[in-house]
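Student: Mind looking over this structure? Questions follow.
The values are calculated or read from the model by the stated rules, or taken from the named source; none is laboratory data. This structure is a prediction, so every number in the text was calculated from the model and none was measured. FYI the Cβ positions are ideal-geometry reconstructions off the backbone, even for glycines, and counts take in every protein chain you see.
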Amino acid sequence: MTAGALLLVGRAASVQFVKPFHFRLIRVLDWTTYDGWSWLDGYQLDERGDAVLRRSIFVMPAGLRTGCISPLQRVQTARRSPTERPALGAPRGGPVRGGTGPALQGR
């Protein structure tokens, strides 16, 4: 196992992991443990492959599987280019509702 590896952690790795999840390995910890078991440090990933939680897990490496997050699961959010952003102070469009701005003074 090398840093950056994508792993699928499930029941075969440890009975505590009833629901399998993807895990991005940071490192294998050198803590003293039982033969055939290891402590791993890394990030639990969501279904899109984004890190949601950093954790250390106690597993049997023989029970780990290589993870795979398909491109269909990696939904990219559209990002606007800097030229599409309105200038500072520019109106954003649409009527202003509520507040105490100049349009509502004197009502």
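Student: Surrounded by 13 or more Cβ atoms within 10 Å (Cβ to Cβ) and either over 13 Å from the mean Cα position of the chain (by Cα) or modelled with pLDDT of 95 or more (or both): is that true of VAL15 in this structure?
Tutor: Considered against the rule, which asks whether it is surrounded by 13 or more Cβ atoms within 10 Å (Cβ to Cβ) and either over 13 Å from the mean Cα position of the chain (by Cα) or modelled with pLDDT of 95 or more (or both), VAL15 comes out as no.
Student: Let me ask something additional. Being in a strand (DSSP E or B), of a type outside the set (A, V, I, L, M), exposed (fewer than 15 other Cβ atoms within 10 Å of the Cβ) and touching a residue at least 12 places away in the same chain (Cβ under 8 Å): is that true of ARG48 here?
Tutor: No.
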